1. Report the local net charge at L67: Lys and Arg +1, Asp and Glu -1, summed over other residues whose C-beta lies under 10 Å from its C-beta.
2. Is the stretch 30-118 rounded, prolate or oblate when judged by the Cα gyration tensor, a ≥ b ≥ c being the square roots of its eigenvalues, rounded requiring a/c under 1.5 and prolate requiring a/b larger than b/c?
3. Mind pulling the per residue volume of the convex hull built on the Cα atoms of the stretch 165-277? Å³ is fine.
4. Nearest 5 is fine: what % of DSSP beta bridges in the stretch 1-125 come out antiparallel, could you say?
5. What is the chain's relative contact order, in percent, from Cα pairs under 8 angstrom and six or more apart in sequence?
6. For the stretch 81-235, what size does the Cα cloud have along each of its three principal axes, sorted from largest down, in whole Å?
7. Measure out, as a whole number of angstrom, how far apart the alpha-carbon centroids of the stretch 174-190 and the stretch 306-351 sit.
8. Once the chain is represented by equal point scatterers at the alpha-carbon sites, with solvent omitted, what log10 I(q)/I(0) does the Debye formula produce at q = 0.06, 0.07, 0.08, 0.13 Å⁻¹?
Amino acid sequence: MKLTGVEIRTIELPLVSPFRTSFGTETVREALLVRVVTDEAEGWGECGAGTAPLYSSEYTHASADVLSRYLIPALAEVTDLNAHKVAPALAAFKGHRMAKAALETAVLDADLRARGVSFGHALGAVRDTVPCGVSVGIMESIPALLDAVAAYLEVGYLRIKLKIEPGWDVEPVRAVRERFGDILLQVDANTAYGRGDARHLAGLDPFDLLLVEQPLPEDDLLGHAELAKRIATPICLDESIVSARAAADAIALGACQIVNIKPGRVGGYLEARRIHDVCAAHGVPVWCGGMLETGLGRAANVALAALPGFLLPGDTSASDRYYRTDITPPFRLQDGHLAVPTGPGLGVTPIPDVLEAVTVTTKWVPVNP
Ligand code: NPQ
Ligand code: MG
């Protein structure tokens with residue numbers, strides 16, 4: 001393929017309800033979409049970065065800036081473009097994995113659309129539907145949390161993840177376990193604890209959680225390895241796993257027993273698949289995380305979650321968990337599962353009117369021959 005140019009678009013999608021984590025409360029998802037135009041097809045990619053650098057160092061405006069200033073110009077130098085050439089072409093630029101992932105995804109989408117191959121088929125999917133969990137934010141009160149969890153179980157979610165932070169951990173977990181019994185239940189701290197909190201976190205042990213996700217800071221692999229010896233709940237890493245090498249290191253150190261794979265966090269779907277392969281080789285189960293994606297990012301995540309090593313339900317929730325109107329035809333939960341798209345590439349495209357209505361800015365970055 002030959003690149004013609006890339007469109008960078010920021011959108012703002014209102015959330016159906018505020019989503020509170022240990023790092024802040026979101027009421028609107030600001031997201032960055034990239035559309036690559038080539039001589040053969042167009043492709044879409046979604047950047048996982050949030051408005052502010054609170055989940056990781058990346059944020060929307062920085063991603064847009066590095067894309068237009070450095071990443072797209074570097075990609076313009078590549079001949080016979082395909083997705084496998086993207087990461088090597090961008091490797092000189094440090095970090096910015098979510099921006100790189102968006103660009104690689106868009107190139108992969110264009111390539112697959114041109115060849116009539118679906119994302120799932122290209123990645124190695126072995127299922128045509130994937131089991132879905134839901135991530136439940138920190139609430140005002142335990143009764144409000146129980147109402148929210150009841151509603152998600154009612155519509156069929158197969159696993160509940162509770163966001164936790166100091167002051168909102170053991171008691172909400174106890175309340176959910178007591179009210180709903182033997183459901184699949186896990187928690188996510190988004191780095192809110194420290195090395196001194198091992199005894200406190202051991203207070204989660206009686207509740208038979210599937211896992212505790214990222215209790216300690218991103219760069220504290222050793223702290224997680226020490227914590228793993230002191231608590232019974234399996235540790236799952238999210239923020240710390242920035243590459244296949246980081247996954248191999250974390251496993252070798254005993255820092256995690258389970259891995260959350262988010263393609264944006266690791267630089268794209270090709271690196272995400274390598275992490276899947278590393279984990280499978282070590283017998284470490286993986287599951288697909290989520291970044292409040294629109295239908296575009298969701299489509300690719302659902303395809304990834306259909307790989308054989310994805311052994312736990314993901315944060316691949318239905319569109320209406322987050323958005324009243326998605327920018328693509330909505331993903332709908334059926335018996336707790338989402339269908340893996342089967343059309344070429346991502347299998348979905350934005351609905352033009354909806355996309356226009358939520359667009360805040362667009363920038364066309366031409367690639368001169
Ligand atoms: C996680 N996601 O697993 C993330 C955190 C997260 C579904 O729990 C804007 C941008 C809002 C990124 C909210 C879920 C976000 C965000 C939460 C990431 O850690
Ligand atoms: Mg997480």
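Just so you know, all these numbers are worked out from the coordinates, no wet-lab data involved. All figures in this text were calculated on a predicted structure; none of them were measured in a lab. Virtual Cβ from ideal backbone geometry, glycine too; neighbours counted across all protein chains shown.
1. Overall, the nearby charge balance is +2.
2. Cα axes put the stretch 30-118 in the prolate bin.
3. Measuring per residue, one finds 98 Å³ for the Cα hull of the stretch 165-277.
4. 95
5. RCO, the chain: 22 percent.
6. Result, largest extent first: 53, 39, 28 Å.
7. Cα centroid to Cα centroid, the span is 24 Å.
8. -0.21, -0.28, -0.37, -1.00
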